[in-house]
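The values are calculated or read from the model by the stated rules, or taken from the named source; none is laboratory data. It should be emphasised that the depicted structure is a prediction, and the values quoted were computed from it without experimental measurement. Note that we place each Cβ from the backbone using ideal geometry, even for glycine, and neighbour counts take in every protein chain shown.
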Amino acid sequence: MDSILSFFSGFWTDLQRLFSSFGSEGSFLSLAVGTLDVVCRFLLPLLALLVVVRCARSLLQGKLETESWGWLTDPDGNYQVMHHWEVLLGRSRRCDIVLNDPTVSRNHAALIRDDKGIWTLYPLRNKNGVYLGGTEVTEPTRVSDDDVIALGAAQLTFRALSPAEEAEQAKTRTRPGKVFSPGVTLIMLSLFQAILCLQLGRGVEAEYQQSVYTSFGVLCALMWGVYIIYRIFRRTGFEIETLAFFLTSLCLTVTADSAPATLYKQLLTVILGIVLFFALSIVLRDLDFAKKLRWPAAAAAVALLAFNVLLGQRLFGAKNWMVIGPISFQPSELVKVVFILVGATTLDRMFARRNLIFTLVFSAYCVGCLALMSDFGTALIFFVAFLAIAFLRSGDLPSVAFMTAAAGFAGFIVIHFRPYVANRFAIYRHVWEDTSGLGYQQTRTLSALASGGLFGQGLGNGWLKHIGAANTDLVFGVIAEELGLIIAVLAVVVIILLALFTVKSAATGRSSFYVIAACATAMIFVVQTMLNVFGSTDLLPLTGVTLPFVSCGGSSMMACWCLLAYIKASDTRQNAGIAIRLPKRKPGKASDRPAELDPPPASDDLSNRSTGRWNPAGFSAKLSIHREEEEET
Amino acid sequence: MRKLRGRTWFVLLFALLLTAGICILLGMYFVKGSEWASFSANSHLYTNGRIATGSITDRNGLLLYDGETGDYAEDRTIRTATLHAVGDQYGNIMSGAKLLFRQYMASYNPITGVGTGGNRVALTIDAQLNAAAYQALDGRQGTVAVYNYNTGEILCMVSSPTFDPYDSEAVLAAVNAGDSRYDGVYLNHFLSASFTPGSIFKVVTTAAAIDHLNALEDFSFTCTGSMEIGGTTITCPSVHGEQDLAGALANSCNCAYAQLALELGGETLQKYAKSAGLLNAIKVSGIDSAKGSYTVTNDAGSLAWSGVGQYTDLVNPCSELVLMGCIAGEGSAKTPTLLKSVTSDLGLPTALISSSTSSIGWKASTCRAVKALMRNNVTNHYGQSQFGDLPVCAKSGTAEVGSDAAPHAWFVGFIDDPDHPYAFVVLVENGGWGSSVAGSIAATVLNVLCGSD
């Protein structure tokens, strides 16, 4: 009751004050500026909300359209469509192609397509053997159209989509950006940036004014530049990038507000981050290359972390900094990218235990190095990412629970031997009892956050930014104080959106590699957000990790943009991004056949179901667009 | 791939955890935001730890403290008299409104956060009445408090020793140097200290005697000026002769009450002290008052002394005030409060002031009987003339606090008049004779209060 009453009274008072200032101050200019300030105070959260909601609806609304890559036909003419590049065949209901035949093993065999369109048959754990064209195969073997695959007593005729059909399919699938035009969203975001920029420019010291205007100008140009590149390459899925640019705008805002001297440096890391994003996207287009890249990348990461442990600098508490000349950076941020590359894997390797052991050793090495550097926050992030990867690969919940328990035990030992870690746990949920000591940052974050209300005190009017490491560890509070809780919460909502979209995309993922990488990325973003936001507001112990994209800091910014490529690589919506190749517009020569020769199933059947009777009546121009069905039971 | 997809709930789980956490944070924000914002490190509201927004006034709108300028009331006597209600410059006085009500002084709402300007916090105290009480105390240590037992509003709350808040710095230095003039200066003697009650405790013994010994009809005692109990001598200042209960209370006859205490026993007395609310803390606008004490003893002499408010008996003035209010209200009265209203600088209310009721575990008939006896004290003993026409019911006390110190002078009671529903407590530490020293202060304050009504 009190708060409702105080709200109405307070709001009324604000309005009264606004109108009384109209009368008194006289000058038209000050009146106009005053009005504009008030309007902007409400306009900023509104624009942010519009941007996030438009992106959210575009990403999450509606069912995903699956892709089709071929089909398997039994002797009776019943066919099952292959929706992924990795297809598990067996009796288990969790298989992609379910064969209800007692002679078929639970996970009998796998069919895997590479990004050149070549399919390979992998025999898995089976009793009754895998036969290709009558010959038993025990090693991975290439499959061609009309090959007959026999799993026990089950016989299937293989047929892949021809490049022409692929191109046809690409034409008929819905492209993102149709309902919510990315251009319109970008215009809103540009307006958001413009308001931030003007308010910052007015508030900042004269010597930094130029850098504020330049930085925001460059950021806006970058955003439109990336968008234009996308359009040139006929890519229309720009929601994820838009959201990342939204968060990056907040980062530049906090930088300009708290440390304007480092603005250009921060901007440079944004540019580098976007370059890395493109680079990794292009790498990920070629799955074979990406897989080959894992070994050198892992070796580089091992070396980098070793150097870091031996030669690292203790900059803010943890010894996780490398200083080379004028550049200081945190190798652990870049290792995150490699960590995921190493952890992600394709279906064929998921059945081989030794591969998981390598990931386990590599993870243990990374977490161990971070612990040696006293960077327990990042160690925890790596550990959770590892858990996600381990679970996605093995599906073994007891093992994950066991590893969590083991990590909890290790954490207990750390707390025992590292008093400063123990202190952070001791103050947890008791921050108000030691506001000048261990609860210093949390109590101030909460106080500043509450002061801002929903709409903020206005840019430049906050005090939380003056506290040490506020623009990284307490950045949620800084934004809430100056821009308001709405925008601060929207920043977290963006991370939640990325995670939800990743989970949604998993249904249509081409390869396990992409799905695992995207899920691990989402986990890293989500866990970092939890540790940052809840740590600074005393819902969790304070660990001092960055808020993805928002916290000031070069390594973190580059890593975040780079990681974004993993999420884009799992986004199989048609023409969504550059991390996925488009089918050639003109069919090539090599593995090509005229489409008419081999009639695919009628579109009616395919468009509604994934299984059915092959209707050989003829080629229907429009090939399958499969809406997701309730397949899970 | 379907297997893998089935495992992505793991990621969904963490996304949901993040969502749930944000919801919890938002919930806490709406519930506790005001508390968070009023944290003394918040530069939107504080300058060097001093609240820099809002203002404090007395019940009549007289400015006592201006947050933006840091100015106190203009009149030095008022500043000094209201020090413990308002607070010093350094936040050393915990009962001060500057600390208690800083949440209200800051204009805050969860929608627009902290606002400029702040709110006007009106206290229930009457600054002029405080000044009169302070002057009546005339530099002696103690406390004077008056409250309206029908509304709970504390009209007068003076604690001494006190000082002009503009002298905060000098006083702090003196306190740190161990200057005895300022012993307990930061303590609000009304709320945060307990004292030996002396004869004002006889009100409790009387209630117990009425209920348990049917003393109103049956009690009769002949005072010879002293009496021997278990090797301890109980003395009266004079020989009171034969008296009934009313006479014994009016005369404040120690021997008679020693006899009653022996007949009642320690457990019964403790039960009545507890049901009178004297042994518990009372929450006054968010601050807990000090507790009193009563110790049950097997020693007859000590038991006798405990019945007349000596031995280890302790009473907090605020609890005593509530007891007086409850006797007037025949069992219950409003709990004292210091907060009258909170308004924005345009005069709109920004907080709802809730009131609560205190009650004592005494029967209404017992309260009525005690009330009649206390009225009898005034008409037949203390003298009605000093109170004009006001139907004052009271009990004095002269509490011995050691052989080398003068006794504490108490005068507690209430006006049994719906037009003047006031209870009061006056304590002059080491002041001497209760009814004359403390009684005259009470008379002065009540006359100022009711004269101005």
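So which residues in the stretch A:71-105 are farther than 21 Å from residue A:514 by Cβ and either touching a Leu at 6+ places or on another chain (Cβ under 7 Å) or within 11 Å of chain B (Cβ to nearest Cβ) (or both), if there are any at all?
Across the stretch A:71-105, the qualifying residues are A:72, A:73, A:74, A:79, A:80, A:90, A:91, A:92, A:93, A:98, A:99, A:104.
Which one of the conditions (1) at pLDDT 95 or above; (2) over 30 Å from residue A:483 (Cβ atoms) does residue A:276 fail to meet, given that it meets all the rest?
(2)
Test of understanding: among B:118, B:142, B:152, which residue is within 14 Å of another protein chain (Cβ to nearest Cβ) and buried (at least 23 other Cβ atoms within 10 Å of the Cβ)?
B:118
Just to confirm my filter: which strands (runs of 3 or more DSSP E) fall fully inside the stretch B:93-171 and include at least 2 residues that are within 22 Å of residue B:319 (Cβ to Cβ) and within 18 Å of the chain's Cα centre (by Cα)?
B:142-148, B:154-160
Tell me, which residue of the stretch A:382-415 that is of a type in the set (Val, Ile, Thr) and at pLDDT 85 or above is surrounded by the fewest Cβ atoms within 10 Å (Cβ to Cβ)?
If we take residues in the stretch A:382-415 being of a type in the set (Val, Ile, Thr) and at pLDDT 85 or above, then A:404 is surrounded by the fewest Cβ atoms within 10 Å (Cβ to Cβ).
Enumerate the helices (runs of 4 or more DSSP H) found wholly within the stretch B:219-290, keeping only those where 1 or more residues are more than 28 Å from residue B:318 (Cβ to Cβ), without any contact (Cβ under 8 Å) to a residue 24 or more places away in the chain and not hydroxyl-bearing (Ser, Thr, Tyr).
B:245-251
Taking the stated definitions as given, is residue A:484 on the phi > 0 side of the Ramachandran plot and either at the interface with chain B (Cβ under 9 Å from one of its Cβ atoms) or under 13 Å from the mean Cα position of the chain (by Cα) (or both)?
In short, yes.
Looking at the stretch B:7-22, is at least one residue at the interface with chain A (Cβ under 8 Å from one of its Cβ atoms) and in a loop (DSSP other than H, G, I, E, B)?
Taking every residue of the stretch B:7-22 in turn, at least one turns out to be at the interface with chain A (Cβ under 8 Å from one of its Cβ atoms) and in a loop (DSSP other than H, G, I, E, B).
Could you list, in sequence order, all residues of the stretch B:334-370 that are closer than 20 Å to residue B:117 by Cβ and more than 14 Å from every other protein chain (Cβ to nearest Cβ)?
B:340
Just need a number here: residues in the stretch B:5-25 that are over 54 Å from the mean Cα position of the chain (by Cα) and small (Gly, Ala, Ser).
Count: 1.
Scanning for something part of a strand (DSSP E or B), at pLDDT 90 or above and either of a type in the set (Gly, Ala, Ser) or farther than 28 Å from residue B:6 by Cα (or both), does the stretch A:126-133 turn up at least one residue?
Yes, the stretch A:126-133 contains a residue that is part of a strand (DSSP E or B), at pLDDT 90 or above and either of a type in the set (Gly, Ala, Ser) or farther than 28 Å from residue B:6 by Cα (or both).
For the stretch A:106-120, name all the residues that are surrounded by fewer than 23 Cβ atoms within 10 Å (Cβ to Cβ) and more than 12 Å from chain B (Cβ to nearest Cβ).
Hits for the stretch A:106-120 are A:114, A:115, A:116, A:117, A:118, A:119, A:120.
Taking into account only those residues within the stretch A:170-189 that are surrounded by fewer than 21 Cβ atoms within 10 Å (Cβ to Cβ) and of a type in the set (S, T, N, Q), which is farthest from residue A:49 (Cα to Cα)?
So, considering only residues that are surrounded by fewer than 21 Cβ atoms within 10 Å (Cβ to Cβ) and of a type in the set (S, T, N, Q), the one farthest from residue A:49 (Cα to Cα) is A:172.
Here are the criteria: (1) touching a helix residue (DSSP H, G or I) at 6+ places or on another chain (Cβ under 8 Å); (2) surrounded by 15 or more Cβ atoms within 10 Å (Cβ to Cβ). Tell me which single one residue B:274 does not satisfy.
The failed condition is (1).
Would you check if there is a residue in the stretch A:335-351 being basic (Lys, Arg) and crowded, with 21+ Cβ neighbours inside 10 Å?
Yes, some residue in the stretch A:335-351 is basic (Lys, Arg) and crowded, with 21+ Cβ neighbours inside 10 Å.
What pairs can you find where one residue is in the stretch A:374-385 and within 17 Å of residue A:409 (Cα to Cα), the other is in a helix (DSSP H, G or I) and of a type in the set (Val, Ile, Thr), and their Cβ atoms are less than 7 Å apart, with a gap of 6+ or different chains?
A:376/A:414; A:376/A:421; A:379/A:367; A:381/A:524; A:381/A:527; A:382/A:367; A:383/A:367; A:384/A:527
Among the residues of the stretch A:466-478, are any in contact with a strand residue (DSSP E or B) (Cβ under 7 Å, 6 or more places away or on another chain), surrounded by 22 or more Cβ atoms within 10 Å (Cβ to Cβ) and touching a residue at least 24 places away in the same chain (Cβ under 8 Å)?
No: zero hits.
Of all residues in the stretch A:340-376 being touching a Ser or Thr at 6+ places or on another chain (Cβ under 7 Å) and under 22 Å from residue A:502 (Cα atoms), which is farthest from the other protein chains (Cβ to nearest Cβ)?
A:342
So which residues in the stretch A:52-73 are touching a residue at least 60 places away in the same chain (Cβ under 8 Å), assigned to a helix (DSSP H, G or I) and out of contact with any Ser or Thr (no Cβ under 6 Å at 6 or more places or on another chain), if there are any at all?
A:52, A:56, A:57, A:58, A:59, A:60
Restricted to the stretch A:496-510, and to residues that are in a helix (DSSP H, G or I) and within 7 Å of another protein chain (Cβ to nearest Cβ), which residue is farthest from the chain's Cα centre (by Cα)?
A:507
May I ask you to verify whether residue A:379 is among the small types (Gly, Ala, Ser), assigned to a helix (DSSP H, G or I) and either surrounded by 13 or more Cβ atoms within 10 Å (Cβ to Cβ) or touching a Ser or Thr at 6+ places or on another chain (Cβ under 6 Å) (or both)?
Judged against the criteria, residue A:379 is a match.
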